[in-house]
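Q: Got a structure here, written out as structure tokens. Questions coming.
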Amino acid sequence: MPTTTSTTSGEGRAVAPPPLPTWSFKTRQQYGTWPELREFWRAADDLGVFRGGWVYDHLLPIFTDGAGGPVLESWTLLTALGASTTRLRLGVMVSGNVYRNPALLMKMATSIDVISDGRVDLGLGAGWNAEEYQRFGFGDVAAPGLPPVRERMDRLDEACAVVTAMRRSPDGATVQGRYHGVDRAVLDPAPLGPLPLYIGGRGERRTLRTAARFADGWNLPAGDAAVLAHKRGVLERHCADLGRDPAEVEVSAQVVVDAGIDAAVDKAQALRAAGAGHVVFVFDPPLRTVDLQALATRLDEHTA
């Protein structure tokens, strides 16, 4: 990757260059095969252009008008991908909070972090897919449907409180909420890396405030540069209300590579100009390493 060098202002003072963009990729693991995923991730690991890779958290194919098909479970898959790579950071963008107890999720993430030498990023969201929630029996038997938005956001806030306490309390975390709580929960072994928390979603009143309060990064799952600029402004206002420096929250956005490499890179550059420090390129099957290599070449050109 190219490196940056300092420049000087008209008055001769050293001026720090703008940071190089951070690129990563995401593979939606529906319909594809494990060998295909492994080959794609290993190629990305070798290229050196991408900081990390992500998978999604679904149990049924999405955006397919109800069509069924194979989907590999995200965290199990991430374990295997961590063992198949040596450099890439690893994450689920994002884990649906309604699918797993947050303390158990922390134990899972920490285990993979230890196995992968400290490479895990923890993505968390409220969850939205009513069909898979009901079909896989996540709800209470007496109330099997996906909880309403307000309850899901309350649950996400409490989950973030649990995650934060467990990250910061090596001797044991105790948190008590309405939906989630822990009693002297210890991460042993402890994570080797920072295990940064990313919140994904678009909601201005709750999701962005949760990100401002708890997260190391916020991800916009869909939207153009204008949407990102607006949402970023909302995030910054929430940070101001909470007394937090917005620079502490990395802003990222996803770009689906469905209209060709050039179009994806153009959209990524527009998102960068609107304030995205991190862009995630989303690939659907069939996963072809030639597409990944073409994207890496274009990104190198833009950061040269």
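The values are calculated or read from the model by the stated rules, or taken from the named source; none is laboratory data. Just so you know, these numbers come straight off a predicted model, no measurement behind them. Backbone-built Cβ (ideal geometry, glycine too); neighbour counts: all protein chains shown. Just so you know, the surface numbers come from the protein's heavy atoms only, side chains and all, with ligands and any DNA or RNA stripped out. Shrake-Rupley method; radii C 1.70, N 1.55, O 1.52, S 1.80 Å.
Q: Only residues that are hydrophobic (A, V, I, L, M, F, W, C) and surrounded by fewer than 20 Cβ atoms within 10 Å (Cβ to Cβ): list them for segment 154-173, please.
A: A165
Q: Tally time: how many residues in segment 213-240 are more than 26 Å from W54 (Cα to Cα), without any contact (Cβ under 8 Å) to a residue 12 or more places away in the chain and of a type outside the set (G, A, S)?
A: 1
Q: Looking at (1) part of a loop (DSSP other than H, G, I, E, B); (2) touching a residue at least 24 places away in the same chain (Cβ under 8 Å), find the lone condition where G137 falls short.
A: The failed condition is (2).
Q: Then there's this: Going through segment 127-143 one residue at a time, which ones are more than 29 Å from S24 (Cβ to Cβ) and either touching a Gly at 6+ places or on another chain (Cβ under 7 Å) or open to solvent by less than 50 Å² (accessible area, probe 1.4 Å) (or both)?
A: Q134, G139
Q: Being in contact (Cβ under 8 Å) with a residue 60 or more places away in the chain and not hydrophobic (A, V, I, L, M, F, W, C) is the filter here; which residues of segment 179-193 pass it? Even if it seems obvious, please write down each step before you answer.
A: From segment 179-193, those in contact (Cβ under 8 Å) with a residue 60 or more places away in the chain are 180, 182, 185, 187, 189-193; that's our starting set.
Answer for segment 179-193, where residues must be in contact (Cβ under 8 Å) with a residue 60 or more places away in the chain and not hydrophobic (A, V, I, L, M, F, W, C): H180, P189, P191, G193.
Q: Name the single residue that is most open to solvent (accessible area, probe 1.4 Å) among those in segment 174-197 being in contact with an Asp or Glu (Cβ under 6 Å, 6 or more places away or on another chain) and assigned to a strand (DSSP E or B).
A: Applying the filter and picking the extreme gives T174.
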